[in-house]
């Protein structure tokens, strides 16, 4: 492939990198208990939640930012970040789509996220989160018929306080880790989902996160509860404008899968990754964890192509007997992106099963690490884990790492881990080219084949999007 | 809690020969202000506790040897391969025993005690000692130098092929007071030379109160070929924190085999640096644990240059209330293209009170490489046990047989029958003793 063609593709513009010119209410930078009180008051929260936030903040003050991940970045000045930003006039939340600023709707239309129900993809309900605030949630009435609650977490705090109080922080506690504690203190919005007993959610649920304002952090919190025997499939997507400075995104996602229920959680993460020189981009420091009760099934599927730095380990605590945890991931890094991502499977119940399939693709000068933990405690007899981590290296300046931790204390548990590293070989390319495929198409095909095991876990619309995303982010990086 | 490093610094060794003294001085500076507890807080010690080291006062070195005659009797029972089949170097509690050793080296080989080194030999020692170990900073390397009274430099001259293996026996005995053994050996194979080194760590039958801090450095020049065996069969109260560091230059070949029976605290760091193109490293290892034993293997294979190959296979049978830790790292440095590296760690967990913590790591900075690693923790196949039981073999015996087979397949990789037989005998004895009817696995 010619150097020109290669440069052209590598320099592919980040398509979601535009800024929406909209007036915002943004809190001055800095964090103290007054800021937390302000956020809480702005959202009209009950006293217990304010206290919960303050407790988290006090825990956070005692903690140090984790430094064990295989990533390098300058120390974050947490006083230089604004912890709350909302499109002007949105503070109270819009009552209907008519009240939403047309500029905002245009933003989502440009991103390809349909907020008008008639235009929406059949069968997908969307909650759109813009900076700190949820601006629209579609198909609510249809979901309500099935008894499904799908709304922003601020709204859930007001309307379903018992549910929120019962489950918030039960999977990821306030003091779980540095970024989770920060999130617990300042989380502004996010999504709340409750699926009642024995209900199969009639459509895919989806949240679309967008950071717009400069010098802000986004701290959303997602809480999904699947009651006994229920099923839900949930998708999230994310983008941000191209900016020179790094922005922090520290989210917490908690999944509670009660007996016999199933939660399928899919992510296509396309935060702004920074430019070709490594300037700017989102720091994506996310805590995601699910708690699986008896016979429950939690499945994480992620396609990570964005973010300057990714620090993310979606986990499953297999608490109940016969519960199942799965993790399917494609993480792609290019230019100066750094990813330290993987999964944790904690086997507590008997006959619990977990599967981890991780595909890392590194190109440019990027670094891509898989870090995972499989832990089997003494009473988890019959536990079974299978882990496979494959890395694909494109170019001789990138790096790929694997750090799997395996801890077993039960003699009936079976744990298998394997990892391989390879590159798109000249022979493979030559073979495809010989059959009339352009080099770019051939690479795209080989990479798609490499990721197939993960893509097949994604809902159809997302699988198509993920495939395209990889093509855009990667195609042509092979010379 | 006993402050091991603090007490060690307060009890300096008496002044010996000039260059060792300066080694001690340098080590003192390196150890100053450091604490064992700081070391245990690091990732490298995540799964291994250093508490055993702080329970007793290990800060002094051994008293002079007991009578050699008595030792000879002990040795004849526990020594590695038959003494007549090897050139023997015996160290008792870290000190060289001329009585028990073959002082005269074979042709083309030089044995030089650190305390007697001078002239050309001293220059060679100074040029190489620590250059391999220093790549992996650890407080225990520093402490090894701080306590070092003597050591051995073995040089195999250019193009020399040894007729018999060199056997190094590190023997510890029970002493009135607990103590540290600091031992060190530097082995240099000049270009084109070929040797076999068999290291055995062993002890007398009494309950041990020693802490061995051993460093073995292997320097393989261009085209050199070394078979290195390291067998740990000390009595289980003996503590051991040891290291093997190897530098391989162009087309050098290292074939190593590690075998460890557990102890209260045993840890071996193995680092192989592939520094010249065409170098090849093969490592096999087995650990057999029961009771409250603890064994920790940390291995690291560093591919610095292109066109090298490495293969590593470790297997463990872990029962009783023991804990096995394995951390195997493959590190491909930038530019080390056309590397072929493989690592496998498989564990049999035979008891619900035992634990295995394994972490195979890959760190890769070059694209045209083939690397793979795998790890498993599992139990014996019930069907296989059942099959043997239907043939009239007791359940315990069936488990012993299958466990033996799981480890013994590594022995197929040992080319020399004399070594294979010896290691087979140790493994055999272990399973007979611990996996009998009232075996430690149930």
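The values are calculated or read from the model by the stated rules, or taken from the named source; none is laboratory data. Nothing here was measured: the structure is a model prediction, and the numbers come from that model. When we count neighbours, we look across all protein chains shown, and the Cβ atoms used for this are built from the backbone with ideal geometry, even at glycine.
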Handout entry: Flag if residue A:321 is under 23 Å from residue A:171 (Cα atoms), surrounded by fewer than 21 Cβ atoms within 10 Å (Cβ to Cβ) and at pLDDT 95 or above
Key = yes
Completion exercise
Residue set A:397, A:341; condition more than 24 Å from residue B:356 (Cα to Cα) and either within 10 Å of chain B (Cβ to nearest Cβ) or crowded, with 24+ Cβ neighbours inside 10 Å (or both); output residue A:397
Practice task
Go through the stretch A:275-308 and count every residue that is over 14 Å from the mean Cα position of the chain (by Cα), at positive phi and at pLDDT 80 or above.
Solution key: 3
Handout entry: Count of the stretch A:55-104 residues which are farther than 30 Å from residue A:398 by Cα, surrounded by fewer than 14 Cβ atoms within 10 Å (Cβ to Cβ), at pLDDT 75 or above and in contact with a strand residue (DSSP E or B) (Cβ under 8 Å, 6 or more places away or on another chain)
Key = 0
Exercise for the section: Select the helices (runs of 4 or more DSSP H) contained entirely in the stretch B:348-442, then report the ones holding at least 2 residues which are within 14 Å of chain A (Cβ to nearest Cβ) and surrounded by 21 or more Cβ atoms within 10 Å (Cβ to Cβ). Expected result: B:395-408
Problem - Condition check for residue B:402: closer than 20 Å to residue B:352 by Cα and free of Cβ contacts under 8 Å to residues at least 60 places away in the same chain - result: yes
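If the requirement is being surrounded by fewer than 17 Cβ atoms within 10 Å (Cβ to Cβ) and part of a loop (DSSP other than H, G, I, E, B), which of these qualifies: B:149, B:164?
Numbers: B:149 fails: surrounded by fewer than 17 Cβ atoms within 10 Å (Cβ to Cβ).
Exactly one of B:149, B:164 is surrounded by fewer than 17 Cβ atoms within 10 Å (Cβ to Cβ) and part of a loop (DSSP other than H, G, I, E, B), namely B:164.
Given the criterion more than 18 Å from residue B:93 (Cβ to Cβ) and assigned to a helix (DSSP H, G or I), identify the matching residue among B:22, B:48. Steps first, please.
Values: B:48 fails: assigned to a helix (DSSP H, G or I).
Matching residue, one of B:22, B:48: B:22.
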Practice task
Please verify whether the stretch A:427-446 includes one or more residues that are within 14 Å of chain B (Cβ to nearest Cβ), in contact (Cβ under 8 Å) with a residue 12 or more places away in the chain, buried (at least 16 other Cβ atoms within 10 Å of the Cβ) and on the phi > 0 side of the Ramachandran plot.
Solution key: no
Completion exercise
Of all strands (runs of 3 or more DSSP E) fully inside the stretch A:278-350, the set with 1 or more residues that are free of Cβ contacts under 8 Å to residues at least 60 places away in the same chain, out of contact with any helix residue (DSSP H, G or I) (no Cβ under 7 Å at 6 or more places or on another chain) and farther than 30 Å from residue A:197 by Cβ is A:281-292, A:297-304, A:309-312, A:324-333, A:338-341
Completion exercise
residue B:339 meets each of (1) more than 19 Å from residue A:362 (Cα to Cα); (2) more than 23 Å from the chain's Cα centre (by Cα); (3) more than 9 Å from chain A (Cβ to nearest Cβ) with one exception, condition (1)
Practice task
Could you tell me whether residue A:380 is within 13 Å of another protein chain (Cβ to nearest Cβ) and buried (at least 21 other Cβ atoms within 10 Å of the Cβ)?
Solution key: yes
Exercise for the section: Check whether at least one residue in the stretch A:404-413 is within 27 Å of the chain's Cα centre (by Cα) and either more than 7 Å from chain B (Cβ to nearest Cβ) or under 18 Å from residue A:322 (Cβ atoms) (or both), and report yes or no. Expected result: no
